[in-house]
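The values are calculated or read from the model by the stated rules, or taken from the named source; none is laboratory data. Just so it is clear, the model here is predicted, and its values are computed rather than measured. All Cβ positions, even for glycine, are placed from backbone atoms using ideal geometry, and neighbour counts span all protein chains on display. Side chains are part of the model used for accessible areas, which takes the heavy atoms of the whole protein and leaves out ligands, DNA and RNA. Shrake-Rupley method; radii C 1.70, N 1.55, O 1.52, S 1.80 Å.
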Amino acid sequence: MAARLFMNVKQVGMMSKGYAWIMTDGITNIVDSFDPQVIDSMQGALGVKLHVPRTKELNEFSFRWKRRYQKEYPNEEQAELSVFGLWAYDTVFALAMAVEKASGSNGDVLKYIQEEKFNGMSGEFHFVDRQLKLSTLQVVNIVGRGGRGVGFWKPENGLITSTSSSSNNNGGLNPVIWPGESTEVPKGWEIPVSGKKLRIGVPVKDGFFEFVKVEHNPVTNGSIVTGFCIDVFDTVMQSLPYAVSYEYIPFEDSKGDSAGTYNELTYQVYLQKFDAIAGDVTIIANRSQFVDFTLPYTESGVVMIVPIEEDERMNAWIFLKPLSLDLWLGSLGFFFLTALVVWLIEHRDNEKFKGEKVQSNLTRFLMIIWLFVVLILTQSYTASLTSMLTVQQLEPTVTEVEQLIRKGDFVGYHKGSFVKEKLINELHFDKSKLVPLGRPDDYAEALSKGSSNNGVSAVFHEIPYLKLFLAKHCKNFMMVGPTYKTAGFGFVFPKGSPLVPDVSRAILNITQGSKMVGIEKKWIGYEDKCQEQDSLLSSHRLNFRSFEGLFLITGLTSIISALIYLLWLGLEKFNIPVLVKAMVSKYFKKIETKALIFKRRTAPVCPGSPTSMDANSSVIITSFSQSPGSPSSIEEYIIETDKDD
């Protein structure tokens, strides 16, 4: 039975590189008796057998047995004495010793056999729990016409290099030649599919060959499959703890073109035409109803690319661009408000007011605030205009999806992609406004024409593809708008496939290491200068909200100044301003008088030569003395004034 097993195993290709076979002692002990054809099918297998130490008694017994066998069977090929023959000889010897000890008592023969313990032809002969004790096993490697020793195994020491060694150092073991004449340690087992390789379906693309590219080899009449997704799949399968044989089969028609959409390609696994799919297949809900996906090996999402507006530096009205319309109107409105308040305050006392000179302190305060606002506006305007004239501003022609829907523009999507269903079902585009596109050059041509000229206003696709597109067309197009999340790319297997958990774990290990970085750099390698355009660039124009704080200050100043002026006019009807002016004038006059007295007291006096201060003081004293009923001195006047207060 073992002979037939290995013959069939070799026939289905399971004795090649990557496989490992281990035999029990029941098979290994009789390998030498197999036909050469059977032994040839077992090349590379490992086995264990009873180790029979070579003694003088064994050599003499083997010699006598061979001579007698040749005498009785002269026409047959010389046979080797197997361990089963040795066990048979030792068993008969033990039985004879037991019968002799039993002295004709049949009931005690079995008991004496179990108690027998001696060194026979096969080694130590001893029963433990009615089982023959095996002391030492030899590990052999089937190479050539028989088994080649690798090492030994003992219950108390484990794997050792020789029977005399007590160390379990595996470094001294003889090398193993595995199936397929390989010295590389195999992963242990392989998943066969009816004795054939796994059929891995791959998409046939008409663009973005960096992900998957199928080329036909005219010499072998086969297919050569390369690309980012293929390298990831190969790396993942090689990192599994077991070997998996597979081959790539393009999903193509008789002309070599794609045989259908990605949904149809995925469905082929459900129909059992493919055992798995390796390619840029996005994980989406409706596909997972029929197949199982591994964990994603790329992040993804759907966005749109649009053309970039023309350079406005050549626009004759560019001087209006630094400020938005609301800021222009707001500035003009606050200018008239400030002018109205200034005129309202000045025109009553200054009928000839023409803006050259102001008289009211309220007007002066209001003008200071307004000039501060104008200064900031002027500096900001100058900086923004300078930036527009010196740096090219990249602004998209379209910024929102709703804008495309509202205008009824045509939009593009990649032919055969799930993005079409997403645009219709989730973003609510009209089906008649969707244009299928294939190659990246088709994207550029359709976007350049525009929706009104048999082109499109935007193209929707997944981020990895659009980054590749922008790497070559970053000067004319840009990525804008929100990102509609997707699960990313994953590998496809049948429902319930045992490979999915192992492949998913392998993907995690690879994506978190340096291998994935190397693969991405090899196939995708985005240009750094285009990475700055992967999101919407906002406008650099200044708007009203940028200066609403300044306008709030100048507006409140104008309103408060106008209210104070109107309140003052109302109080004049009750002569309140006159009384306030008299009180203020009297207060400042008293301060001035005290200052003069302080100077007079502290100034030095020269006899016969009065200073200017003396002269001034005399004038003051004279003026007070000439008034009827006035005090005789300045000091007395101040005292009386204090009393009046």
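Structural remarks
- Boolean, Thr593 is in contact with a Leu (Cβ under 9 Å, 6 or more places away or on another chain), surrounded by 14 or more Cβ atoms within 10 Å (Cβ to Cβ) and modelled with pLDDT of 70 or more: no
- Residue in the range 80-114 that is nearest to Arg145 (Cα to Cα), counting only those that are open to solvent by 40 Å² or more (accessible area, probe 1.4 Å), assigned to a helix (DSSP H, G or I) and touching a Lys or Arg at 6+ places or on another chain (Cβ under 9 Å): Gln114
- Search result, residues across the range 1-20 that are open to solvent by 60 Å² or more (accessible area, probe 1.4 Å), closer than 12 Å to Ala45 by Cα and in contact (Cβ under 8 Å) with a residue 60 or more places away in the chain: Lys17
- Residue check for Asp257: surrounded by fewer than 21 Cβ atoms within 10 Å (Cβ to Cβ), free of Cβ contacts under 8 Å to residues at least 12 places away in the same chain and out of contact with any helix residue (DSSP H, G or I) (no Cβ under 8 Å at 6 or more places or on another chain): no
- Within the range 261-283, the set of residues being open to solvent by 30 Å² or more (accessible area, probe 1.4 Å) and in a loop (DSSP other than H, G, I, E, B) comprises Thr261, Leu271, Gln272, Lys273, Ile283.
- Residue in the range 441-463 that is of a type in the set (Asp, Glu), closer than 19 Å to Asp280 by Cα and either modelled with pLDDT of 95 or more or surrounded by 14 or more Cβ atoms within 10 Å (Cβ to Cβ) (or both) present: yes
- Restricted to the range 208-252, and to residues there that are within 23 Å of Val291 (Cα to Cα) and acidic (Asp, Glu), the residue that is nearest to the chain's Cα centre (by Cα) is Asp231.
- Some residue of the range 200-207 being β-branched (Val, Ile, Thr) and under 21 Å from the mean Cα position of the chain (by Cα): no
- Residue identified as of a type in the set (A, V, I, L, M, F, W, C) and under 60 Å from the mean Cα position of the chain (by Cα) among Ala96, Ala45: Ala45
- Restricting the range 233-245 to residues that are in contact with a helix residue (DSSP H, G or I) (Cβ under 7 Å, 6 or more places away or on another chain) and hydroxyl-bearing (Ser, Thr, Tyr) leaves a set whose member that is surrounded by the fewest Cβ atoms within 10 Å (Cβ to Cβ) is Ser239.
- Residue match in the range 306-324 (condition: among the acidic types (Asp, Glu), at pLDDT below 95 and not in a loop (DSSP other than H, G, I, E, B)): yes
- Boolean, Tyr297 is in a loop (DSSP other than H, G, I, E, B) and farther than 30 Å from Ser380 by Cα: yes
- Matching entry among Phe493, Phe477, Phe489 (being open to solvent by less than 10 Å² (accessible area, probe 1.4 Å) and under 19 Å from Pro396 (Cα atoms)): Phe477
- Which listed residue, of Ile305, Ile230, is in contact with a Leu (Cβ under 6 Å, 6 or more places away or on another chain) and crowded, with 21+ Cβ neighbours inside 10 Å: Ile305
- Applying the criterion of being part of a helix (DSSP H, G or I) and modelled with pLDDT of 85 or more to the residues of the range 384-412, the residue that is surrounded by the most Cβ atoms within 10 Å (Cβ to Cβ) is Leu404.
- Some residue of the range 452-469 being free of Cβ contacts under 8 Å to residues at least 12 places away in the same chain, in a helix (DSSP H, G or I), of a type outside the set (A, V, I, L, M, F, W, C) and at negative phi: yes
- Screening the range 499-516 for residues that are free of Cβ contacts under 8 Å to residues at least 12 places away in the same chain and under 16 Å from the mean Cα position of the chain (by Cα) and picking the one that is farthest from Pro296 (Cα to Cα) gives Ser514.
- Of all residues in the range 21-67, those satisfying the criterion of being crowded, with 16+ Cβ neighbours inside 10 Å and either among the aromatic types (Phe, Trp, Tyr) or assigned to a loop (DSSP other than H, G, I, E, B) (or both) are Trp21, Asn29, Phe34, Met42, Gln43, Gly44, Ala45, His51, Val52, Phe61, Trp65.
- Failed criterion for Trp523 (all others in (1) at pLDDT 90 or above; (2) aromatic (Phe, Trp, Tyr); (3) under 29 Å from Met237 (Cβ atoms) hold): (1)
- Of the set (1) open to solvent by less than 70 Å² (accessible area, probe 1.4 Å); (2) at positive phi, all apply to Asn221 but (1).
- Note on the range 118-167: residues that are basic (Lys, Arg), over 17 Å from Met23 (Cα atoms) and surrounded by 12 or more Cβ atoms within 10 Å (Cβ to Cβ) total 2.
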